[in-house]
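Visitor: Would you mind keeping the following structure in view while I ask a few things?
Each reported figure results from applying straightforward, stated rules to the coordinates on display, with no laboratory input. Remember, it's a predicted structure, so these values are computed and weren't measured experimentally. Positions of Cβ are backbone-derived with ideal geometry, glycine not excepted, and every protein chain shown enters the neighbour counts.
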Amino acid sequence: MRSSRLIPSRETGLKLLRIVGFYVAVIALWSLLGRVEVWSPFLFPSPEKVFASLRTNFANGLILDGLQASMQRLVVGYVISFVLGMALGLLTAASKFANETIGGVVLGLQSLPSITWLPLAVLWFGLSETAIIFVVLMGSTFSIAISARAGMRGLPPLLTRAAGTLGATRWQLYRYVVLPAMVPSMVQGMKQGWSFAWRSLMAGELLFVSVGLGHLLDVGRNLNNINMVFAIMLVIIAVGVAVDRLLFGRAEAWVRERWGFAAA
Amino acid sequence: MALIADTGRQGGGRASAASDPEPLLALRHISKHFRTSRQDTLALDDVTLKVRPREFICIVGPSGCGKSTLLNIAAGIDTDYQGEAVFEGAPIRGMAQQRAVVFQEPALFPWLNVRDNVEFGLKLRGVPKEQRREIVDRQLALVNLSRFDRAYIHELSGGMKQRAQLARGLAVEPHVLLMDEPFAALDAQTRDDLQLELQSVWARIGTTVLFVTHNVREAVILGDRVVVMSPSPGRIKKIIDIPLERPRTPDDHAVADLAAAVRYELQNVGAEPEPRYAI
């Protein structure tokens, strides 16, 4: 029923080879372009210099400090937005009145790029940690709210009935049917919410004078250090890909295994 | 083993039928309207049906005769009607484990595997883990799903899904099992297999069953009594006894004869019967 994943097939081996080959080729081309100096090395650095900068900035702790500061903001903002988004989503799904009123506001605000909250956040909270967390929060709350609402509304009435005839009380219905049934929709919404939060955090940090990965990009620009700018961008990509693959990739695989491909 | 259980039930069910004991489930003078802003449809018109303990009752009728509505009322899913629905002496006020339902669509929980689906009702009731596992193992063996206990729902065939639903319903040891066209969406072969399986399951556990179908032969194969309903408005036209030995198969002559009798009742439904067969 399920194929064994222990033995890598010929096909996966070839796939891996293609992927590795592609990146080796890209870096080789990049290195070549850097070496023949088609563009000024102050504008287009060679990969060797970028990796050297990466090493230095890891060694002196700049990247790690920045990473820690950024992740902290992200986690705090994301956790709050999950709680808020869930509450908003469940409320708008359960109450027709809330859906007609708050539901419309949620939809409207979701279409607003979250970095546009920054001026307001600075006026409200000053140049503080709170302001940047507020921007992150605004980035992900509405996506999570919309997916929570969709997940709860998409619950087939048949499953509610099945649970009822098996003796579920109202509380048990929520705990054992409504919440688990929301998972596929929630995974999608949380993934989208995370990407909005991550993007708005980087943008916010760029404009902000504080510690953080986005701020390090600005430092690199001020120092006219293109190697550092490239190095920080690589770190930002790496974090994004890692969270996407490890966290959401796994959650999506989990959903696929249970619900089948139809829901994924 | 099955034979002993079978004769035991025969004695209990058939013989006491004559003395008319207290019905397990009594639907008295049930009327049901479906109202929209445009029209008011009378789905059930003064329907009275008594189900005796350990009896297998089949309700058969064309679409729109209200047979599924009647089952929903018995289940407590539908509580908006006129009349009286009484189960074990108390009026039905809502859904309950004692009246488990097997639905036509596979109403299984996709986030749970087969085992956890079957366990669902027991967990809600707070049955201890060890005991739960024992019951689930037994139910899965009963419906021949033991090998697939860790499979997820989307990995099952249509027939396996319905067997899983049956196991889940039986696991809570309902006092009556309500089955709403459970085999209607299956292919003919699977349907024949499941009819046989359901007979052997029932022979072993002997629970009361109310089974809704639009398939006449299925009703005759499974039922102690077949309730024939007519549509618009839904009424009980006739109740036919099926005094045949079990297990019954679709090829039995007696089954075919009784099916013909039921079909005759169905064809003479209403004042102006619509032509059903163009010959």
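Visitor: Anyone know which of B:35, B:133, B:263 comes out most mobile in the 10 Å Cα GNM of chain B?
Guide: Largest GNM mean-square fluctuation: B:35.
Visitor: Return the single residue from A:47, A:156, A:184 with maximal mean-square fluctuation; model: Gaussian network over chain A, springs between Cα atoms under 10 Å.
Guide: Residue with maximal mean-square fluctuation among A:47, A:156, A:184: A:156.
Visitor: Working only with C-alpha atoms, what are the Rg and Dmax values of the stretch A:130-264, expressed in angstrom?
Guide: Gyration radius and largest Cα-Cα distance of the stretch A:130-264: 20.1, 69 Å.
Visitor: Related question: Taking a virtual spin label 7 Å from the Cα of residue B:28 along the C-beta vector, which residues in the stretch B:201-242 bring their backbone nitrogen under 19 Å of it?
Guide: B:236
Visitor: For A:155-162, what's the mean count of beta carbons from other chains sitting within 10 Å of each residue's beta carbon? Intermediate results must be reported in sequence, preceding the final value.
Guide: Working: counts 0, 3, 2, 6, 6, 3, 7, 16.
Partner Cβ neighbours, averaged per residue: 5.
Visitor: A further question on this structure: Given a cut-off of 32 Å, name the pairs among A:96/B:161; B:129/B:161; A:15/A:49; B:50/B:161 whose C-alpha atoms lie farther apart than that in the structure shown.
Guide: Values: A:96/B:161 35 Å; B:129/B:161 24 Å; A:15/A:49 30 Å; B:50/B:161 30 Å.
Result: A:96/B:161 exceed 32 Å.
Visitor: Can you compute the helix-only [θ] at 222 nm over chain B? Use -39500 (n - 2.57) per DSSP H run of at least 4 residues, normalise by all residues, nearest 500 deg cm²/dmol. All intermediate terms of the calculation are to be shown ahead of the outcome.
Guide: Numbers: 9 runs with 102 residues, N = 279.
Counting only the DSSP helices, I get -11000 deg cm²/dmol.
Visitor: Would you please give the residues with an amide H less than 5 Å from that of residue B:24, counting only those at least 5 places away or on a separate chain, with H modeled from the backbone geometry?
Guide: Sorted by chain and number, the residues that satisfy this are B:51, B:52.
Visitor: Along its three principal axes, how long is the protein assembly as shown when you only count alpha carbons? Whole Å, largest extent first please.
Guide: The Cα atoms of the protein assembly as shown stretch 101, 55, 55 Å along the principal axes, largest first.
Visitor: Sort B:41, A:165, B:208 by Cβ crowding within 10 Å, fewest neighbours at the top. Show your work: numbers first, answer last.
Guide: Working: B:41 14, A:165 28, B:208 22.
If I rank by nearby Cβ atoms, fewest first, I get B:41, B:208, A:165.
Visitor: What are the aspartates and glutamates whose alpha-carbon lies under 15 Å from the alpha-carbon of residue B:238, with same-chain residues fewer than 8 places away excluded?
Guide: B:45, B:46, B:224, B:265
Visitor: What does DSSP give for the protein assembly as shown in terms of the percent of beta bridges that are antiparallel, rounded to the nearest 5? Let's see the in-between values first.
Guide: On the way: 22 of 41 bridges.
Beta bridges within the protein assembly as shown, antiparallel portion: roughly 55 percent.
Visitor: Where does each of A:210, A:200, A:31 land when they are ranked from fewest to most other beta-carbon atoms within 10 angstrom?
Guide: On the way: A:210 16, A:200 26, A:31 13.
Listing A:210, A:200, A:31 from fewest to most nearby Cβ atoms yields A:31, A:210, A:200.
Visitor: Just counting partner chain Cβ atoms within 10 Å, what average do the residues of peptide B:93-101 show around their Cβ?
Guide: Numbers: counts 0, 2, 9, 4, 5, 2, 2, 4, 5.
For this peptide, the per-residue mean of nearby foreign Cβ atoms is 4.
Visitor: Report for chain B the percent antiparallel among DSSP-assigned beta bridges with both residues inside it, nearest 5.
Guide: Counting DSSP beta bridges with both partners in chain B, the antiparallel share is about 55 percent.
Visitor: Report, largest value first, the span of the C-alpha coordinates of the stretch B:110-173 along each principal axis, in whole Å.
Guide: On the principal axes, the stretch B:110-173 reaches 30, 23, 17 Å in Cα extent.
Visitor: Same structure again: Give the cross-link partners of residue B:123 among the aspartates and glutamates, using a straight C-alpha distance below 15 Å as the criterion and excluding same-chain residues fewer than 8 apart.
Guide: In chain and number order, the partners are B:134, B:137, B:173.
Visitor: Once you put a point 7 Å from the Cα of residue A:125 and another 7 Å from the Cα of residue B:257, both along the Cβ direction, what distance in nm separates them?
Guide: Label-label distance for residue A:125 and residue B:257, simple model: 8.5 nm.
Visitor: With a 10 Å Cβ neighbour count serving as the proxy for reagent exposure, in which order, fewest first, do A:86, A:71 appear?
Guide: Sorted ascending by nearby Cβ count, the order is A:71, A:86.
Visitor: Using a Gaussian network for chain B with springs between C-alpha atoms less than 10 Å apart, which of these wobbles most: B:98, B:189, B:267?
Guide: B:189
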